[in-house]
Amino acid sequence: MDRIFSGIQPSGEIHIGNYVGAIRNWVQLVNQYECIYCVVDYHAITIEYEVSSMQRRILETATILVACGLTPDKCTVFVQSHVPEHTELTWIFNCVTPIGELERMTQFKEKSKQHRHNINMGLLDYPVLQAADILIYKAGYVPVGEDQTQHVELSREVARKFNARYGETFPEPQVLLSTAPRIAGTDGQAKMSKSMNNAIGLLDPPEVIQEKLRTAATCPHRERRSDPGHPEHCNIFTMHTAFSKTDQIDHVEKGCRSAGIGCIECKELLSENMVEELSLIQARVREINEKPGYIIDVLKSGASRCKTIATAVMDEVRQKIGIKSDW
Ligand code: AQP
């Protein structure tokens, strides 16, 4: 069975972009692949963060993954820092990765603008740590949202460079995109993001979801109710494609193009469907939270499984680069 790896940062509230762009796809893949999913805490410290909230965020993120269906009987869920071989491999990969490749990464450029006073080495090196996360498990596929495809491309290059210098070791991983690989924020412009105040949280209560959708941007070309809309330019329609049934999507698309339905009706239908799907996840989160220690056990056994794989791969890597220590 081919292996899959993907990760999520505990850098804020998990939102519906993370969910439909990545997590929901991860759940669908567990029957076809051997899946490893990771809470990437070392990635999350590349930007300023509240130290006292980090443990809570890590556990909350893992709880959401399990509540969405990534249960330990189907896949492995663990925390990146619990398997330190990831950071060891990062150092080795640093020594085959051209700095120029990292400087041209879109996320690095955007985060450098967002965090002008903290453009640190970790921000630049973020994709190399990601390459190590993926390649330490020799994963062949990486299901991510569209924003991460450039980083997966880089991990392919890192694998190629390592293999060329030290001999065939790593596969070149392929991206797997979901059917909703990019959800824009409620502002309708920037990507929905934990750090942008434009997100609908997976744990938001129904009234908050309704309010966020009520005020969310719609098709920029539709100024009046009587104007025909352009669903292909409307983030609300993109969300419909992720949360509504096929006949509803069809109804909304036709109604919008013909001005048969207005944005209020369109948003109300979306809101109902989103609340229905998220309330199931929220109920499972509550159930998990009633079992103290459960998530910690899931993460410990996940880390122990991953450690076995990572240790073997690091042995192979150390041998290939001439740093084997069996004296
Ligand atoms: N808006 C989005 N639409 C579709 N997919 C998305 N993903 C993130 N935002 C969207 C995908 O979710 C997975 C986990 O993302 P991440 O936590 O590792 O980091 P990110 O891409 O940087 O997500 P955020 O929410 O924007 O976090 P911050 O604000 O901390 O940078 C990835 O597969 C990602 O593609």
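Tabulated results
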{"read-out": "Separation of alpha-carbon centers, region 195-230 and region 1-63, rounded to whole Å", "value": "25"}
{"read-out": "Region 68-121-region 292-309 distance, computed between alpha-carbon centres (Å)", "value": "21"}
{"read-out": "Cα long-axis angle, helix 294-320 against the chain (0 to 90 degrees, to the nearest 10)", "value": "50"}
{"read-out": "Mean Cβ neighbour count within 10 Å, used as a protection proxy, ranking 28-36, 79-87, 57-65 highest first", "value": "57-65, 79-87, 28-36"}
{"read-out": "Nearest 10 degrees, 0 to 90: helix 121-135 Cα axis against the chain principal axis", "value": "80"}
{"read-out": "Radius 10 Å from Cβ of Ala259, net charge of other residues (Lys, Arg +1; Asp, Glu -1)", "value": "+3"}
{"read-out": "Lys, Arg +1 and Asp, Glu -1 on Cβ, resulting dipole of the chain about Cα centre, debye, nearest 20", "value": "420"}
{"read-out": "Local net charge near Ile14, Cβ-Cβ under 10 Å (Lys/Arg +1, Asp/Glu -1)", "value": "0"}
{"read-out": "Dipole in debye (nearest 20) - region 194-287, about Cα centre, beta carbon charges: Lys, Arg +1; Asp, Glu -1", "value": "220"}
{"read-out": "Rounded to 10°, Cα long-axis angle of helix 54-67 versus longest principal axis of the chain", "value": "70"}
{"read-out": "Range of Cα positions in region 194-287 per principal axis (Å), largest first", "value": "45, 30, 19"}
{"read-out": "Radius of gyration and Dmax over the Cα atoms of the chain, both given in Å", "value": "21.1, 79"}
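Since every read-out is calculated from the coordinates, none of them should be taken as a lab result. Note that this is a predicted model, so its numbers are computed, not measured. Here Cβ is always computed from backbone atoms with ideal geometry, including for glycine, and neighbour counts include all displayed protein chains.
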